[in-house]
Amino acid sequence: MTFNWTPGSTHPISTPAPQYSPDSHTRYSFTSWSDGGAQSHTITAPSVSTTYTASFSTQYLLDTAISPAGSGTVTPAPSGPWYNPGQAVSLTANAGAGYTFASWGGAASGSANPTSVTMSGYRSVIANFTPTGVEVTIASSP
């Protein structure tokens with residue numbers, strides 16, 4: 001946007017943040033204005049043409065899921081935290097009563113627990129659990 005302002009006049013500038021990609025898997029968080037001002041601040045129009053640029057950092061969404069539902073949890077939780085590109089995120093699967101951790105699916109694989117996922121875009125991880133066996137005793141009397 002371009003404005004023609006009288007030098008010395010004051011004007012508010014701001015930018016909405018965070019901003020999201022159309023698929024909501026990437027967000028852009030405000031980091032700074034080129035003049036060092038806050039996300040919303042007032043400027044005094046200079047006597048020469050000037051450009052004010054808002055800078056943003058990129059972050060990616062990490063979704064986690066459990067299979068079967070209710071069989072355990074994954075930390076960090078809840079699903080939906082945002083992470084910086086290149087950031088390694090450690091995930092731990094915690095089995096619920098009657099289940100044991102089996103494997104990872106989606107953006108993580110294998111059975112190592114905890115595991116790590118490096119964020120280079122949207123990631124979805126599934127923690128797979130299996131029911132534990134139950135001991136059954138059959139007794140007879142005379």
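The values are calculated or read from the model by the stated rules, or taken from the named source; none is laboratory data. These figures come from a predicted structure and were not determined experimentally. Glycine gets a Cβ as well: all are built from the backbone with ideal geometry, and neighbour counts include every protein chain shown. Just the protein is used for accessible areas: all its heavy atoms, side chains included, with ligands, DNA and RNA removed. Shrake-Rupley method; radii C 1.70, N 1.55, O 1.52, S 1.80 Å.
The table below gives the values:
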| quantity | calculated |
| --- | --- |
| Taking only Cα atoms of the stretch 36-79, radius of gyration then Dmax in Å | 22.0, 65 |
| Solvent-accessible area, 1.4 Å probe, carbon plus sulfur percent, for the chain | 53 percent |
| Convex hull volume per residue in cubic angstrom - Cα atoms of the stretch 72-142 | 82 Å³ |
| Label point distance in nm, residue 88-residue 124, each placed 7 Å from Cα along Cα→Cβ | 2.6 nm |
| At 1.306 mPa s and 10 °C, Stokes D of the chain from Kirkwood alpha-carbon radius, µm² per second | 83 µm²/s |
| Those residues of the stretch 46-76 whose amide nitrogen sits under 20 Å from the label point placed on residue 9, 7 Å along Cα→Cβ | 46-53 |
| Residue-normalised accessible area of the chain, expressed per residue, 1.4 Å probe, Å² | 61 Å² |
| Residue 56 versus residue 20: modelled label distance in nm, points set 7 Å from Cα along the beta carbon direction | 1.3 nm |
